[in-house]
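Down below is the structure, laid out as structure tokens.
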Amino acid sequence: MGFKQLQSANPLVVSYALMKPNRSERRLLEARKHAEALRAKVMHHDYQYHALQSPEIADAEYDLLYRELVDLETEFPELVVPDSPTQRVGGIGSDDLFQPVKHSVRLLSLDNAFSHDELMSWQKRMERSLGHSPSYVCEPKIDGLSVALVYERGILTRGATRGDGTTGENITANLRTVRGLPLKLKANEGVPDWLEVRGEAFLNIADFEAMNRELGEQGKPLFANPRNTASGLLRQKDSRVTASRPLRVYCHGLVHAKGHTLKSHWEVLSYLEQLGLPVHPMARQCPDIHAAQHYITELEKQRHSLAHEIDGVVIKVDRISDQEELGTTAKAPRWAIAYKYPAEEQTTRLK
């Protein structure tokens with residue numbers, strides 16, 4: 001229908017005809033909806049595989065979903081968004097990479113306990129200070145690299161190393177390549193305008209060994225251990241190198257969630273999980289110190305069957321009000337302690 005014909009037609013019909021999207025616009029609208037659905041599926045399966053280590057579909061099926069999204073975004077470049085799973089591929093480091101980042105709250109270290117007697121001494125100090133016996137949360141102490149993450153309106157905008165606790169290094173580009181770490185939080189769980197969390201980056205033992213086998217076959221020097229390797233990968237100037245390696249992150253602490261008040265550390269872990277952030281599946285609530293001791297003993301028995309290296313257990317007073325009352329020393333929170341397992345020793349014959 002031409003413009004002159006439209007002028008002589010019924011005004012309601014004219015209005016509809018002018019507003020009706022043409023074929024290319026309809027195709028773009030359909031593509032946008034399909035891309036959003038594909039992104040949601042890919043991010044869900046990334047979380048299941050890399051964070052929960054519990055895949056729901058075969059690798060081939062995942063690859064088809066991912067490839068379909070790539071093809072769609074290639075056909076319609078205007079659909080590409082910064083938080084798309086396809087944007088994890090990385091590139092050459094920007095000017096921000098490794099620039100100093102001042103933490104909003106100092107990242108403290110933990111005091112250590114090397115025996116159950118030392119743990120009980122710590123617990124007695126908690127009781128004296130609080131006037132009651134607190135409950136606890138226990139988590140495996142991963143031998144990895146501490147990271148600080150900031151999400152603004154649900155989007156990952158900054159990632160940094162711990163550094164000296166006050167100032168770290170900007171490694172946002174490299175952390176964006178970690179598949180188990182969402183670039184965008186789940187919007188249906190009340191995403192805060194500002195969310196700052198702490199976590200630990202690491203490599204699974206099997207992934208580390210596979211990397212060393214690959215290097216050995218190529219006649220290249222081998223990596224020393226998973227922890228140092230993870231640290232090196234997060235400090236790559238070319239984030240494509242980081243993207244090619246199976247780094248993982250577990251989140252274990254909340255600094256601030258604007259507009260949200262949580263009453264316990266267990267609530268914190270549950271809240272982070274609801275937002276789509278990976279938390280350690282072996283974290284446990286312990287009603288008293290004896291339950292915490294039992295957890296420590298049982299986890300030590302499983303130490304060598306875990307997917308990643310641990311060097312102990314982190315025990316935290318659960319209630320936030322108790323944490324605030326206990327406060328911190330110059331270097332560590334009084335409400336948390338790391339129970340350290342005996343150091344691993346191996347004998348090597350040098351030829």
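The values are calculated or read from the model by the stated rules, or taken from the named source; none is laboratory data. Since the model is a prediction, treat every value here as computed from it, not as a measurement. Accessible surface is based on the protein model in full, side chains and every heavy atom, while ligands, DNA and RNA are left aside. Shrake-Rupley method; radii C 1.70, N 1.55, O 1.52, S 1.80 Å.
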(message) Out of the total accessible area of the chain (probe 1.4 Å, heavy atoms of protein only), what percent is carbon and sulfur?
(response) 51 percent
(request) List the residues whose amide H sits under 5 Å from the amide H of Leu108, counting only those 5 or more places along or on another chain, with H placed 1.01 Å from N in the peptide plane. (result) none
(request) Go through (i) 1.08; (ii) 0.95; (iii) 1.04 and flag the label whose value is the computed Rg/Rh (Cα atoms, Kirkwood Rh) for this structure. (result) (i)
(request) Kindly write out, for region 286-292 in residue order, the coupling ³J(HN,Hα) from the Karplus curve 6.51 cos²θ - 1.76 cosθ + 1.60 (θ = phi - 60°), rounded to whole Hz, with x marking Gly and Pro. (result) 10, x, 8, 5, 5, 5, 5
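Compute the Cα gyration tensor for region 244-332, then decide on rounded, prolate or oblate, letting a ≥ b ≥ c be the square roots of its eigenvalues: rounded whenever a/c is under 1.5, prolate when a/b is larger than b/c in the other cases, and oblate in all that remain.
Cα axes put region 244-332 in the oblate bin.
If I take every Cα pair under 8 Å that is 6 or more residues apart in region 130-251, average their sequence separation and divide by the length, what percent do I get for the relative contact order?
Numbers: 182 pairs, mean separation 37.5, N = 122.
Computed value for region 130-251: 31 percent relative contact order.
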(request) Please tell me which of these pairs span more than 24 angstrom C-alpha to C-alpha: Lys41/Lys184; Lys124/Lys316; Lys237/Lys340; Lys220/Lys340; Lys41/Lys263? (result) Lys237/Lys340; Lys220/Lys340; Lys41/Lys263
(message) I need to check one value: relative contact order of the chain, counting alpha carbon pairs closer than 8 Å and at least 6 residues apart, in percent.
(response) 23 percent
(message) In whole Hz and in residue order, list the ³J(HN,Hα) couplings for region 127-137 that follow from phi through the Karplus curve 6.51 cos²θ - 1.76 cosθ + 1.60, θ = phi - 60°; x for Gly and Pro.
(response) 4, 4, 6, 8, x, 7, 8, x, 9, 9, 10
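Restricting to Cα pairs below 8 Å that are 6+ residues apart, what does the relative contact order work out to for region 214-351? Please round to a whole percent. Intermediate results must be reported in sequence, preceding the final value.
On the way: 93 pairs, mean separation 24.2, N = 138.
With pairs under 8 Å counted, the relative contact order is 18 percent.
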(message) Which order do you get for Trp122, Trp266 if you rank them by accessible area with a 1.4 Å probe, largest at the top?
(response) Trp266, Trp122
